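Participant: Can you read through this structure? Questions will come right after.
The values are calculated or read from the model by the stated rules, or taken from the named source; none is laboratory data. All values reported here derive from a predicted model rather than from experimental measurement. Neighbour counts run over all protein chains shown; Cβ positions are idealised from the backbone, glycine included. Areas reflect the complete protein model, heavy atoms only, side chains present, ligands, DNA and RNA absent. Shrake-Rupley method; radii C 1.70, N 1.55, O 1.52, S 1.80 Å.
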Amino acid sequence: MQPRSVEDYRGLAARRLPAFMFEYVDSGSCAEVTMRRNRDSLNALALRQRVLRDVSEIDTSTELFGTRWALPFALSPVGMAGMLARRGEVQAARAAREAAVPFTLSSASVCPLEEVAAGTGSPFWFQLYMLNDRGYMQELLQRARTAGCCALLVTVDTPVLGTRYRDFRAGISNDPWPVRAARLAGQVATKPAWAWHVGLHGRPHMLGNMAAAVEAGSPLAAVAGWMQSSLAASLGWKDLEWIRDRWSGPLLLKGLLDAEDVRMAAASPIDGLVVSNHGGRQLDGAMATAEVLPGIVDAVGGRFPVLVDGGVRSGADILRMLALGASAVMAGRAWAYALAAAGGAGVERLLQLISQELRIAMALAGVTRIADIGPDCLGGFSRTHETQGRTI
Ligand SMILES: Cc1cc2nc3c(=O)[nH]c(=O)nc-3n(C[C@H](O)[C@H](O)[C@H](O)COP(=O)(O)O)c2cc1C
């Protein structure tokens, strides 16, 4: 049966991936309160059904940073996507190119920037984790420029890595290497298709952009440990100037959740931001992105685009986030599941499904252009809450 939804792709991904890889994608931090809250708050947002409004011509295109895209939707960065399918980042970037939506390459990708640039032949966005080694960061920014990346997303919600219990339970743990290796090998043995395509034909490096920094062939837990010790926990507002001096294109901060931080961001040299709690993988107990979005949009006051991710699983979710004031919407797990389930073809099909869902949701909500989507699209109980203090 052809998958019809993100949930279908999630089920297929669970069947195809070894348990430790599926848990890596699917899990949130600690008790996963924030991860669930992202979904629950979107589900709680009622949409207004409108009728007799001539919806024969629907236009989902939108402009962002000087480019016209087919949808107000972009692929969020997902680290190590090349472990979900062989050369996974190249496959996903090609699917995004076909759908005319932005693809964001994680700095923690398996395929290096240069390989994705050569494999797609069209510009993509690049996400940066700031590491302690400034010389290395400078080099990476230069490589992103040379690869033709057309926007830089600096992730700021990750001064340290969140704890994900499910990763530990699945075997990405601190157990002695022979114990860990035996557990992981046992899981891989049950997934021969993945073992063949990704495991055996896999890459010498798990982090292609950082191959020089990480020892070749490091096991997954060692890579995680390396990331943990290399992230620049000292990163502060003043460091944005350092990045700005080395990046002249659109510069976005990814991972803001608090209106006070957003006011600081508005005074810094940036061109946009992504409201995000890392899909509930960092501070467990933090607010859902849909809850804080209206307040953040107010604080930004139209100075630059506000993007958002967190729990987005359908075209109707995109409509909800746009109605809360987002300029565009992003998603991580949705495309990661599709990539794991069916490679680039899966991501391409998922983007078609999401596009269709958005068109249908817009038609039934009585809006025909992205610019017409606003708080008026929200109705009923949640709208009452939304008008009182701009929270749901
Ligand atoms: C498996 C996985 C890996 C991720 N890797 C990164 C990353 O390398 N850089 C980053 O900024 N965010 C990363 N994120 C967070 C996503 O970019 C995005 O914020 C999050 O997935 C949005 O929530 P959603 O998965 O519910 O759509 C990752 C998320 C997942 C699920």
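Participant: Would you kindly state how much longer the chain becomes between Val160 and Ala211 on full extension, computed as 0.36 nm times their sequence separation minus their alpha carbon distance, in nm to one decimal?
Facilitator: Length gained, Val160 through Ala211: 16.3 nm.
Participant: Test of understanding: express the Cα radius of gyration of segment 1-99 as a ratio to 2.2 N^0.38 Å, with N the residue count. Don't skip to the end; give the middle numbers.
Facilitator: Numbers: Rg = 17.6 Å, N = 99, 2.2 N^0.38 = 12.6 Å.
Relative to the rule-of-thumb radius for its length, segment 1-99 sits at 1.39.
Participant: Oh, and also: Given the options Leu105, Leu307, Leu131, state which has the largest fluctuation in a GNM of the chain using a 10 Å cut-off (strictly under) for Cα springs.
Facilitator: Sorting by GNM fluctuation, first place goes to Leu131.
Participant: Sticking with this structure for a sec: Given the DSSP H assignment, sum -39500 (n - 2.57) over each helix run of at least 4 residues in the chain and divide by its residue total; what's the result at 222 nm in deg cm²/dmol, nearest 500?
Facilitator: Roughly -13500 deg cm²/dmol at 222 nm, from the helical runs in the chain.
Participant: Right, here's the next one. Among bridges DSSP assigns within segment 20-159, what percent are antiparallel (round to 5)? Each step should come with its number before you reach the end.
Facilitator: On the way: 3 of 10 bridges.
In segment 20-159, DSSP labels about 30 percent of beta bridges as antiparallel.
Participant: Counting just the Cα atoms, what span does segment 238-319 cover along each of its three principal axes? Round to the nearest Å and put the largest first.
Facilitator: 37, 26, 21
Participant: Can you send over the carbon and sulfur percentage of the accessible area for segment 95-190, probe radius 1.4 Å, protein chains only? List each step's numbers first, then the result.
Facilitator: Details: 2270 of 3870 Å².
Roughly 59 percent of what the probe reaches on segment 95-190 is carbon or sulfur.
Participant: Quick one: grab the alpha carbon gyration tensor of segment 49-106, order the square roots of its eigenvalues as a ≥ b ≥ c, and give me rounded if a/c is under 1.5, else prolate or oblate depending on whether a/b is larger than b/c. It would help to have the intermediate numbers written out before the result.
Facilitator: Numbers: a/c = 3.09, a/b = 2.36, b/c = 1.31.
Here segment 49-106 falls in the prolate category.
Participant: Based on Cα positions only, what radius of gyration and what Dmax would you give for segment 304-354, in angstroms?
Facilitator: For segment 304-354, the Cα-based Rg and Dmax read 11.7, 36 Å.
Participant: Something else now. Looking only at Ser229, Ser314, Ser276, which one moves most when the chain is put into a Gaussian network model with springs between Cα atoms under 10 Å?
Facilitator: Taking springs between Cα atoms under 10 Å, the residue moving most is Ser229.
Participant: Per residue of segment 52-65, what does 6.51 cos²θ - 1.76 cosθ + 1.60 with θ = phi - 60° give for ³J(HN,Hα)? Whole Hz please, x for Gly and Pro, Karplus curve as stated.
Facilitator: Each residue's phi maps through the Karplus curve to give 6, 10, 6, 10, 5, 10, 9, 10, 9, 6, 8, 9, 9, 6 Hz.
Participant: At 4 °C and a viscosity of 1.567 mPa s, what translational diffusion coefficient does Stokes-Einstein give for segment 237-392, taking Rh as the Kirkwood radius over Cα pairs? Give it in µm²/s as a whole number.
Facilitator: Using the Kirkwood radius from Cα pairs, D works out to 77 µm²/s.
Participant: How far apart, in nm, are two points set 7 Å out from the Cα along the Cα-to-Cβ line at Arg15 and at Ser122?
Facilitator: Going from the Arg15 label point to the Ser122 one covers 3.1 nm.
Participant: If you build the convex hull over the alpha carbons only and average its shadow over all orientations, what do you get for segment 112-268? Give it in nm² to one decimal.
Facilitator: 11.1
Participant: Can you tell me which of Arg134, Arg16, Arg36 moves the most in a GNM of the chain? Springs connect C-alpha atoms under 10 Å apart.
Facilitator: Arg134
Participant: Another question, if that's okay. Would you mind working out the accessible area per residue for the chain, using a 1.4 Å probe, and quoting it in Å²?
Facilitator: Working: 16030 Å² over 392 residues.
Value for the chain: 41 Å² per residue.
Participant: Normalise the Debye intensity by I(0) for segment 258-304, one equal point scatterer per Cα, no solvent, then take log10 at q = 0.17, 0.22, 0.32 Å⁻¹ and round to two decimals.
Facilitator: So the normalised log intensities work out to -0.49, -0.78, -1.25.
Participant: Still on this structure, I have one more. So if R0 is 30 Å, what FRET efficiency would Val33 and Ser234 give, r being the distance between their Cβ atoms, rounded to the nearest 0.05? Walk me through the intermediate numbers first.
Facilitator: Working: r = 28 Å, r/R0 = 0.94.
E between Val33 and Ser234, to the nearest 0.05, is 0.60.
Participant: Order these peptides, 171-183, 326-338, by their mean beta-carbon neighbour count within 10 angstrom, highest first.
Facilitator: Listed from highest to lowest mean packing, they are 326-338, 171-183.
Participant: Relative to the longest principal Cα axis of the chain, at what angle does helix 134-146 sit, 0 to 90 degrees, rounded to 10?
Facilitator: Taking the Cα atoms of the chain, the angle to 134-146 is about 60 degrees.
Participant: Next question, about the same structure. From the C-alpha gyration tensor of segment 67-189, pull out the three semi-axes of the equivalent ellipsoid (sqrt of 5λ each), sorted largest to smallest, in whole Å.
Facilitator: Whole-Å semi-axes of the equivalent ellipsoid: 29, 18, 14.
Participant: For segment 239-392, what does the relative contact order come out to in percent, with C-alpha contacts under 8 Å and a separation of six or more?
Facilitator: Dividing the mean separation by the residue count of segment 239-392 yields 19 percent.
Participant: How big is the chain by Rg and Dmax over its Cα atoms, in Å?
Facilitator: 20.2, 66
Participant: Turning to a different aspect of this structure: Report, to the nearest whole %, how much of the accessible area of segment 1-80 belongs to carbon and sulfur atoms, 1.4 Å probe, protein only.
Facilitator: Carbon and sulfur: 49 percent of the exposed surface of segment 1-80.
Participant: On to the next question. Net charge near Ala326, counting Lys/Arg +1 and Asp/Glu -1 over other residues with Cβ under 10 Å of its Cβ? Could the numbers behind the result be given before it?
Facilitator: Working: positive: Arg320; negative: Asp309.
With Lys, Arg at +1 and Asp, Glu at -1, the neighbours total 0.
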